[in-house]
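Heads up, the thing below is written out as structure tokens.
The values are calculated or read from the model by the stated rules, or taken from the named source; none is laboratory data. The structure displayed is predicted, hence computed values, not measured ones. Cβ coordinates were reconstructed from backbone atoms using ideal geometry, including for glycine residues, and neighbour counts include every protein chain displayed.
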Amino acid sequence: MPVIAVIGAQWGDEGKGKIIDLLAEKADVVARFSGGPNAGHTVVNPYGEFRLHLVPSGIFYPYVLCLIGNGVVVSPSVLWEEIEQLRAHGVDTSRLFISQRAHLIMPYHLLLDKLEEESRGKKALGTTRSGVGPAYVDKVARLGIRMEDLLDKENLHHRLQMVLEQKNAILTKVYGVPPLFLEEVYQQCCQHGESLGQFIRQIDPLVQQAVERKEKILLEGAQGSLLDIDFGTYPYVTSSSSTAGGGCVGLGLSPTKVDHIFGVFKSYITRVGGGPMPTELRDETGELIRGRAHEYGATTGRPRRCGWFDAVAARFSAQINGFSGAILTRLDILDTFASIKICTGYKVDSDKLNYFPSSAVVLEKCQPIYEELPGWQSPIDHLHHFDQLPPQAQSYVKQLEELIGCPIVLISVGPRREQAIELRPLW
């Protein structure tokens with residue numbers, strides 16, 4: 001049985017939550033491997049509409065084992081709030097487990113994230129201020145507090161004392177704000193340990209056992225590949241590895257065990273926060289897309305920047321991830337347009353680029369070169385087969401497939417589970 005990774009292929013918000021929810025029906029394990037509460041997956045199903053920030057989207061199937069991997073940074077308060085919300089709607093959370101190696105987002109991370117972003121002024125990165133970046137900094141600096149530390153109160157107190165000495169020096173001497181008190185932070189952690197202790201587990205044996213039993217394992221990506229810490233538009237990126245490679249490191253899974261990597265692409269493109277976006281539409285067309293798709297961040301509520309599909313960025317994403325298939329979402333949002341544009345290249349001054357530049361400074365200068373296709377101007381949200389789509393919609397999909405460089409295996413035409421057109425078997 002296969003191991004499938006579902007990866008965001010753009011700047012996030014591609015509709016991964018719905019795809020995970022759809023694929024999880026036949027999965028045995030769904031595992032989140034990177035990011036933190038700065039990611040938000042919107043899922044619409046018979047239980048209602050949910051915005052999940054940490055809990056894997058497979059939680060709605062009672063037979064699915066849901067894992068939060070070591071590559072995730074966990075806000076204990078956000079996680080507990082999600083668990084309580086799910087329970088209130090009758091969702092079973094007894095099969096949810098968190099890696100004991102996952103790092104915690106601490107109160108000082110939230111404070112430092114806010115202070116650091118404010119200090120950048122007009123050069124702010126546009127973070128969600130949820131403490132994710134500072135938590136990853138501490139992980140790399142070997143100053144982090146891990147989930148397993150919540151279960152060892154004596155060691156926890158010792159580590160907090162050491163870490164807070166450093167953090168309070170930064171808070172008071174650099175930013176001029178009051179220090180945090182050791183006992184208050186310690187008591188908060190003890191409370192989190194009591195509420196979340198039942199979910200903390202060494203999960204790598206669970207993953208290995210599932211592989212040995214040939215169970216269906218679904219790896220749930222968080223942010224998009226263009227926000228990856230290494231391959232994204234640095235410094236306007238997230239703080240973790242959001243590409244397929246991060247799925248192995250963030251879960252303790254050998255790369256040789258991954259059978260399929262599916263990239264999720266929106267039929268247009270969006271971005272939240274700062275950073276270059278060559279096809280951004282700062283006009284009525286962009287507003288129309290935002291309004292029709294309700295493009296506002298699931299985590300922050302901020303309006304997303306909208307633009308035409310960027311095939312240059314899409315090819316780059318497909319190459320660094322090695323997509324075996326592409327999933328196209330929100331095709332129905334383009335129903336009303338008389339014509340639709342696709343960016344097939346960039347122009348910088350008098351030079352033409354057909355590759356995605358590593359420099360955000362260069363990307364900022366890139367002007368899109370467009371190919372224009374006729375729209376279909378009819379609703380498609382009720383259709384279930386590819387040959388039922390209007391000819392213009394079929395042509396658009398086939399053109400994107402050619403430009404991305406891998407087959408499109410699924411098309412989403414609405415937010416509900418049943419609003420999907422499967423072109424090839426996914427499992």
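Key figures for this structure:
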| quantity | calculated |
| --- | --- |
| Any hit, the stretch 203-213, residues being touching a residue at least 40 places away in the same chain (Cβ under 8 Å), buried (at least 17 other Cβ atoms within 10 Å of the Cβ) and in contact with a helix residue (DSSP H, G or I) (Cβ under 6 Å, 6 or more places away or on another chain) | no |
| Hey, Asp92 in the same structural domain as Pro255 (by TED's automatic domain parsing), surrounded by fewer than 23 Cβ atoms within 10 Å (Cβ to Cβ) and under 20 Å from Glu194 (Cα atoms) or not | yes |
| Candidates Pro235, Pro303, filtered to the one that is within 19 Å of the chain's Cα centre (by Cα), assigned by TED's automatic domain parsing to the domain that holds Gly375 and not hydrophobic (A, V, I, L, M, F, W, C) | Pro303 |
| Count - residues of the stretch 212-241 that are farther than 19 Å from Val361 by Cα and assigned to a loop (DSSP other than H, G, I, E, B) | 7 |
| The listed residue being at pLDDT 90 or above, assigned to a loop (DSSP other than H, G, I, E, B), under 14 Å from the mean Cα position of the chain (by Cα) and of a type in the set (Val, Ile, Thr), out of Val91, Val73, Val55 | Val55 |
| Output for the stretch 97-131, where each listed residue is under 23 Å from Phe199 (Cα atoms) and in contact with a Ser or Thr (Cβ under 6 Å, 6 or more places away or on another chain) | Ile105 |
| Residue list for the stretch 343-361, filter: in contact (Cβ under 8 Å) with a residue 12 or more places away in the chain and under 17 Å from Arg271 (Cβ atoms) | Cys343, Tyr346, Phe356, Ala360 |
| Spans of helices (runs of 4 or more DSSP H) in the stretch 278-391 with at least 3 residues buried (at least 18 other Cβ atoms within 10 Å of the Cβ) | 284-293, 311-321 |
| Residues located in the stretch 198-211, provided they are under 14 Å from Ile68 (Cα atoms) and part of a helix (DSSP H, G or I) | Gln198, Phe199, Asp204, Pro205, Leu206, Val207 |
| Qualifying residue in the stretch 76-86 (condition: more than 24 Å from Ala24 (Cα to Cα) and surrounded by 20 or more Cβ atoms within 10 Å (Cβ to Cβ)) | yes |
| Residue satisfying condition, being aliphatic (A, V, I, L, M) and either outside the structural domain of Ala210 (by TED's automatic domain parsing) or closer than 26 Å to Pro235 by Cβ (or both), within set Leu86, Leu143 | Leu143 |
| Ala338, sole failed condition from (1) within 14 Å of Val312 (Cβ to Cβ); (2) at pLDDT 95 or above; (3) in contact with a Gly (Cβ under 6 Å, 6 or more places away or on another chain) | (1) |
| Leading residue by the ranking (nearest to Thr279 (Cα to Cα)) among those in the stretch 311-352 that are of a type in the set (D, E, K, R) and in contact with a strand residue (DSSP E or B) (Cβ under 7 Å, 6 or more places away or on another chain) | Lys341 |
| Residues that are within 22 Å of Ser239 (Cβ to Cβ) and either in contact with a Ser or Thr (Cβ under 7 Å, 6 or more places away or on another chain) or polar (S, T, N, Q) (or both), drawn from the stretch 148-185 | Gln166 |
| Unique residue being over 30 Å from Pro303 (Cβ atoms) and either buried (at least 20 other Cβ atoms within 10 Å of the Cβ) or not assigned by TED's automatic domain parsing to the domain that holds Leu110 (or both) when the list is Lys173, Lys167, Lys153 | Lys167 |
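Conditions (1) within 25 Å of the chain's Cα centre (by Cα); (2) over 22 Å from Glu14 (Cα atoms); (3) not basic (Lys, Arg), marked per residue:
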residue	(1), (2), (3)
Asp332	yes, no, yes
Ile340	no, no, yes
Gly345	no, no, yes
Asp349	no, yes, yes
Lys352	no, yes, no
Pro357	yes, no, yes
Ala360	yes, no, yes
Lys365	no, yes, no
Pro368	no, no, yes
